[in-house]
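The values are calculated or read from the model by the stated rules, or taken from the named source; none is laboratory data. In this text the structure is predicted, and so the values were computed from the model without any measurement. Here the Cβ positions follow ideal geometry from the backbone for every residue, glycine too, while neighbour counts run over all protein chains shown. Just the protein is used for accessible areas: all its heavy atoms, side chains included, with ligands, DNA and RNA removed. Shrake-Rupley method; radii C 1.70, N 1.55, O 1.52, S 1.80 Å.
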Amino acid sequence: MAKQLDYHTIRAIFERFHAAEPEPKGELEHVNVYTLVVAVALSAQATDAGVNKATRQLFKIADTPQKMLDLGLEGVTEHIKTIGLFRQKAKNVIKMSQILVDDYGGVVPNSRAALQSLPGVGRKTANVVLNMWWQQPAQAVDTHIFRFGNRSGVAPGKDVDAVERAIEDHIPADFQLHAHHWMILHGRYTCVARKPKCAGCLIRDLCMFEDKNL
């Protein structure tokens, strides 16, 4: 775990991220907030590319909670069977859809607590949805952000909750909205788990990682 970087260094890092990609976007495909919730929930222990491949046809026929219920458990299961833990995830999608129909009139709620009350939706999923759909500066810490935060010194922490707090506490407010996407994309494509691509990293000189690749 690297030492926590100071304000000026963190600001410089995110100024570079912003200059390189002013409006970073998530890579999960969706057509509305409901399909976004489903896609993010399905992405746990799976890749975005794998989820997109599985949901492309699913969302064409089931883009609302009621349509998902009409498709049924077997139909959902068949569509997402290429995704890890697909059987349990299919059950969660059906349970989630039923609750949305029964308790929320088919409308996805937009508080973290209400989102987290849905089957298959944890804090990370709720934060992604709040950030991507409602433009809240919520920080969803996945494996890429956890790795980047600790390696770089931007947001070191022993667990995901500590890293989330470090992001909220240390990243300047004007970068909070897009911080999640800048970090996840940097962790996914540059600051990778094995053999990070330090030579081509745009924040190489600011990063605290001691084992940089030449």
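Things worth noting here:
- Index of the failed condition, ARG204 passing every other in (1) open to solvent by 20 Å² or more (accessible area, probe 1.4 Å); (2) under 16 Å from the mean Cα position of the chain (by Cα): (2)
- The set of residues in segment 52-72 that are farther than 13 Å from ALA90 by Cα and open to solvent by 20 Å² or more (accessible area, probe 1.4 Å) comprises LYS53, ARG56, GLN57, LYS60, ILE61, ASP63, THR64, GLN66, LYS67, ASP70.
- Unmet criterion (only one of (1) open to solvent by 70 Å² or more (accessible area, probe 1.4 Å); (2) modelled with pLDDT under 95) for ASN213: (1)
- Pick from segment 79-130, criterion of a type in the set (Ser, Thr, Tyr) and free of Cβ contacts under 8 Å to residues at least 40 places away in the same chain, ranking: farthest from ASP142 (Cα to Cα): TYR104
- Filter result (assigned to a helix (DSSP H, G or I) and loosely packed, with under 15 Cβ neighbours inside 10 Å) within segment 100-113: ASP102, ASP103, TYR104, ALA113
- Residue pairs meeting the criteria (Cβ under 9 Å; at least 6 apart or on separate chains; first within 17 Å of CYS201 (Cα to Cα), in segment 12-32; second among the hydroxyl-bearing types (Ser, Thr, Tyr) and assigned to a helix (DSSP H, G or I)): ILE13/SER152
- If you filter segment 192-201 down to residues that are in a loop (DSSP other than H, G, I, E, B) and not basic (Lys, Arg), you find that the one that is surrounded by the fewest Cβ atoms within 10 Å (Cβ to Cβ) is ALA193.
- VAL128 vs. criteria open to solvent by 20 Å² or more (accessible area, probe 1.4 Å) and either part of a loop (DSSP other than H, G, I, E, B) or of a type outside the set (D, E, K, R) (or both): no
- Search result, residues across segment 151-191 that are open to solvent by 30 Å² or more (accessible area, probe 1.4 Å), part of a helix (DSSP H, G or I) and either in contact (Cβ under 8 Å) with a residue 24 or more places away in the chain or aliphatic (A, V, I, L, M) (or both): ARG151, VAL160, GLU168, HIS170, ALA173, LEU177, HIS178, LEU185, ARG188
- Hits in segment 187-214 (condition: aromatic (Phe, Trp, Tyr) and under 20 Å from GLN4 (Cα atoms)): PHE209
- For segment 131-150, the tally of residues that are in a helix (DSSP H, G or I), open to solvent by less than 10 Å² (accessible area, probe 1.4 Å) and among the hydrophobic types (A, V, I, L, M, F, W, C) stands at 2.
- Some residue of segment 40-51 being open to solvent by 60 Å² or more (accessible area, probe 1.4 Å) and either modelled with pLDDT of 95 or more or small (Gly, Ala, Ser) (or both): yes
- Residue satisfying all of: in segment 3-39; within 13 Å of the chain's Cα centre (by Cα) and open to solvent by less than 10 Å² (accessible area, probe 1.4 Å); modelled with the lowest pLDDT among these: PRO24
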